[in-house]
Amino acid sequence: MHYDVAIIGAGMSGLAAGIRLAYFGKKVCIFERHEVYGGLNSFYTRHGRRLDVGLHAMTNYTPPGMRSAPLSKLLRQLRLDREQFDLCPQLGSEIRFPGCVLRFTNDLEVLAQEVAEKFPQEIDNFTRLVEKVRDYDDVRLDAPYNSARKIIGEILEDRLLIEMILCPLMYYGSAEENDMDFTQFVTMFKSIFCEGFARPRAGVRVIIRALVKKFRGCGGKLRMRCGVERILTGRTRVTGLELETGEQVTAEVVLSSAGYHETMQLCTDTVEPPPTSQVGRLSFVESIAVTDVPPADFGLGTTIIFFNDSATFTYAKPDSLVDLRSGVICCPNNFERHDDLADGMVRMTSPANFDLWCGLEEGAYVRSKRECFDRIVSHAVGLGVIPDFRSRILCTDTFTPRTIHKFTGHINGAVYGMPRKIRDGRTRLKNLFICGTDQGFLGIIGAMLSGISMANLHVLLND
């Protein structure tokens, strides 16, 4: 079979690229190794309940009418109605460090007021930082790498404030240990602080199903449980794809959302593994606790809490199974119009060590997941970050770096891929391009915009 475009992976970026191309009459097929769509942002059923994977909240939320916002641009490019995503804004989130809490909502002025109150000597500098962020072109594809810590440190003086601002932005988008590219810092600052959090009322499946329906409605072909085993290469081009079924297909252009190194390892002309320094190391453990009442009923009314147990924020692969020093706690009930969800839910995320989790035999792995959940909750309760809600828990589930690797194929279970992104999506092969995680646009909206941008740049603009 021959296609105009073959897409590897039915995650957010792959589906968005497929819709864009199929809408303009391209013969497109998406090949997905697993039986569920969405990649890292997917859903599953456990204990008789529907649970989301990956999604705490969708960033880049803006209300209707803001035509220049990323969300509005995305909907126009995909010909989707805003109502199809059924987005509900957050109630309010917090950054918690010892002795200091910064509240923020989808209104940047709330964070600015918090900075003025908690760090009065820094409010003018914070205003300068916001102006720099707003003036910076973070979607340009040739932006050079610059250390966010270095640039922020030239504007802000208070070390605690710097650490507190970096904490949520790194947790939700940085593939680099203890720092991030300033371009990505700007993207995350805009998407979290200037725009904000929202969540589809019924979870991530709402977005995924809207994308799949649109793709198929435009004539796209989607082959599930049909992974790409090898990318067949000539001297300068992809000559075909060999599927896990043994079948071979050809395409004029191949877009891969599998990650840059993961994609290049599929190529038949690749003989060496990628250098360790170029591969992402950051992975996470996430525990989901289903409760008998909404979290607000036991004193947890915040949408998302980013916490750290010291004045210095460490964001790196830990030497133990899990790093308890910091984490993210999300309550899906604490969004607008979420007060009548069937269950209460608390999601807790912490940095984890891929190698140690993968080195456990099955019995120890299951025990460690249970112990990890208990340790994360105990530490957060002990810090006073959350009330002790353990008596309200009905059931739990935990996924680890091993789970992430299984369902994404990412080396090291690295959630955000490799530290240095390929903004233009190009590879050494003239008709093979990268979209998604390693292209560099961040978050769920960013992933979809990545697929659209790469489809526009490398296929539609060349027609």
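The values are calculated or read from the model by the stated rules, or taken from the named source; none is laboratory data. Source: prediction; values computed, not measured. In this analysis, Cβ positions are derived from the backbone assuming ideal geometry, glycine residues included, and neighbour counts consider all displayed protein chains.
Can you name the condition, by its number, that Gly39 falls short on among (1) under 30 Å from Glu242 (Cα atoms); (2) small (Gly, Ala, Ser); (3) not assigned by TED's automatic domain parsing to the domain that holds Leu15? Single failed check for Gly39: (3). If you filter the stretch 371-430 down to residues that are hydroxyl-bearing (Ser, Thr, Tyr) and under 21 Å from Gly11 (Cβ atoms), you find that the one that is nearest to the chain's Cα centre (by Cα) is Tyr416.
Scanning the stretch 424-439 for residues that are surrounded by 24 or more Cβ atoms within 10 Å (Cβ to Cβ) and either part of a loop (DSSP other than H, G, I, E, B) or not β-branched (Val, Ile, Thr) (or both) returns Gly425, Leu432, Phe433, Cys435, Gly436, Thr437, Asp438, Gln439. Residues in the stretch 203-221 that are closer than 13 Å to Tyr23 by Cβ and crowded, with 16+ Cβ neighbours inside 10 Å: Leu211, Lys214, Phe215, Cys218, Gly220.
So that you can scan it fast, the table gives a plain yes or no per residue for (1) crowded, with 21+ Cβ neighbours inside 10 Å; (2) within 30 Å of Ala116 (Cα to Cα); (3) touching a Pro at 6+ places or on another chain (Cβ under 8 Å); (4) modelled with pLDDT of 85 or more:
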| site | (1), (2), (3), (4) |
| --- | --- |
| Ala16 | yes, no, no, yes |
| Tyr37 | yes, no, no, yes |
| Arg46 | no, no, no, no |
| Arg49 | no, no, no, no |
| Arg67 | no, no, no, yes |
| Leu80 | no, no, no, yes |
| Cys100 | no, yes, no, yes |
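In the set (1) closer than 22 Å to Ile207 by Cα; (2) over 21 Å from the mean Cα position of the chain (by Cα), the condition left unmet by Ala112 is number (1). Of all the listed residues (Ala148, Ala116), the sole one being more than 15 Å from Met188 (Cα to Cα) and touching a helix residue (DSSP H, G or I) at 6+ places or on another chain (Cβ under 9 Å) is Ala116. Taking the criterion of being aromatic (Phe, Trp, Tyr) and either surrounded by fewer than 17 Cβ atoms within 10 Å (Cβ to Cβ) or in contact with a Pro (Cβ under 8 Å, 6 or more places away or on another chain) (or both), the only residue of the stretch 130-154 that qualifies is Tyr145.
To keep it simple, each residue is scored yes or no on (1) surrounded by fewer than 24 Cβ atoms within 10 Å (Cβ to Cβ); (2) modelled with pLDDT of 95 or more.
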{"position": "His405", "(1), (2)": "yes, no"}
{"position": "Ile411", "(1), (2)": "yes, yes"}
{"position": "Ile422", "(1), (2)": "yes, yes"}
{"position": "Phe441", "(1), (2)": "no, no"}
{"position": "Asn456", "(1), (2)": "yes, yes"}
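Specify the residue that is surrounded by the most Cβ atoms within 10 Å (Cβ to Cβ); the eligible residues are those in the stretch 155-198 that are among the hydroxyl-bearing types (Ser, Thr, Tyr) and in a helix (DSSP H, G or I). Residue satisfying both the conditions and the ranking: Ser191.
Can you find a residue that is crowded, with 16+ Cβ neighbours inside 10 Å, over 23 Å from the mean Cα position of the chain (by Cα) and farther than 17 Å from Asp4 by Cα anywhere in the stretch 281-292? Checking the stretch 281-292: at least one residue is crowded, with 16+ Cβ neighbours inside 10 Å, over 23 Å from the mean Cα position of the chain (by Cα) and farther than 17 Å from Asp4 by Cα. Quick check on the stretch 140-155. Is at least one of its residues modelled with pLDDT of 95 or more, within 22 Å of the chain's Cα centre (by Cα), β-branched (Val, Ile, Thr) and not assigned by TED's automatic domain parsing to the domain that holds Asp424? Checked the stretch 140-155: no residue is modelled with pLDDT of 95 or more, within 22 Å of the chain's Cα centre (by Cα), β-branched (Val, Ile, Thr) and not assigned by TED's automatic domain parsing to the domain that holds Asp424.
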